Amino acid sequence: MASSRADQKRAEKHKKKRADAQRARASAALPTTMAAILREAATKTFGPAWVTAAIHDEGAPTPPLVQVVVTRRLRAGVIVPGMALVDRTCLGVKDGAVKGPMTEADVAGLIAQMSTRQPMAPCDPLFAVSVVFHAIDYAAALGFTPHPAFPALIFGARPEVIVDTPLARRGRPFYVPGPQDDVAGVIARLEAVLGKGGHDFGVAGPDLRGLIQGIEADARVTAAILGKGDGDEGERDEPESAPDEA
């Protein structure tokens, strides 16, 4: 038994050394600031992507917020993940963050951590990007803009063609207030665009509050990196029409 424990400790030590060496190689010769890393990452190809597995549950009583992760392959073995917390039926991108640079093993750990809040599923990068831009389009029709911490450089420009995604064109906005929302301001904006009773309204449970709080610290760091302060929802000019009927 003693020999078995010793072998296990040696194996764990070697595994840690390999991981440390991989991280050291990954960080070598990278830009020295996160802003520069983001600019370079924006020119690179997409790596793996993930989205909340519950996104396909269109029968849920309350449309869930979904977490979306896309990555850019900065160098061999080096990945930069960008994250967005997406409200597909009202506010669009509620929060965002960027991580990295990371190794593939580090990214796997990040996804595992996020999955403790909501199970995450791998997806095609175009699907992930489409979820985000459908939500941005929907929110823009209501006068809402993406959160200042949204890492647009990682998600890239809106593709010429985006694929269909669940709840992309819900007929009536469904607003579930988050713990950091200006609820009165959001409702006033919705009523200005849609009239009273023109939207559905839900109540945030503990799972929603935990989901938002889980990404807030990263969002504050990302907003600072991008040179943006905490923004209020609803800063666009009021649009003339509501989202298209489903």
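Exactly one of these conditions fails for residue 206: (1) modelled with pLDDT of 65 or more; (2) under 24 Å from residue 118 (Cβ atoms). Give me its number.
(1)
Does any residue of the stretch 71-79 turn out to be over 21 Å from residue 172 (Cβ atoms), surrounded by fewer than 16 Cβ atoms within 10 Å (Cβ to Cβ) and not assigned by TED's automatic domain parsing to the domain that holds residue 15?
Yes: the stretch 71-79 contains one or more residues that are over 21 Å from residue 172 (Cβ atoms), surrounded by fewer than 16 Cβ atoms within 10 Å (Cβ to Cβ) and not assigned by TED's automatic domain parsing to the domain that holds residue 15.
Please enumerate the residues belonging to the stretch 29-63 that are part of a strand (DSSP E or B) and hydroxyl-bearing (Ser, Thr, Tyr).
Matches in the stretch 29-63: 52 only.
Which one is farthest from residue 152 (Cα to Cα), of the residues in the stretch 64-105 that are of a type in the set (Lys, Arg) and either touching a residue at least 40 places away in the same chain (Cβ under 8 Å) or not in a strand (DSSP E or B) (or both)?
Among them, the one singled out is 75.
So which of 165, 145 is hydroxyl-bearing (Ser, Thr, Tyr) and surrounded by fewer than 20 Cβ atoms within 10 Å (Cβ to Cβ)?
When all the criteria are applied, what remains is 145.
The values are calculated or read from the model by the stated rules, or taken from the named source; none is laboratory data. Bear in mind the structure is a predicted one, so any value in this text is a computation, not a measurement. Virtual Cβ from ideal backbone geometry, glycine too; neighbours counted across all protein chains shown.
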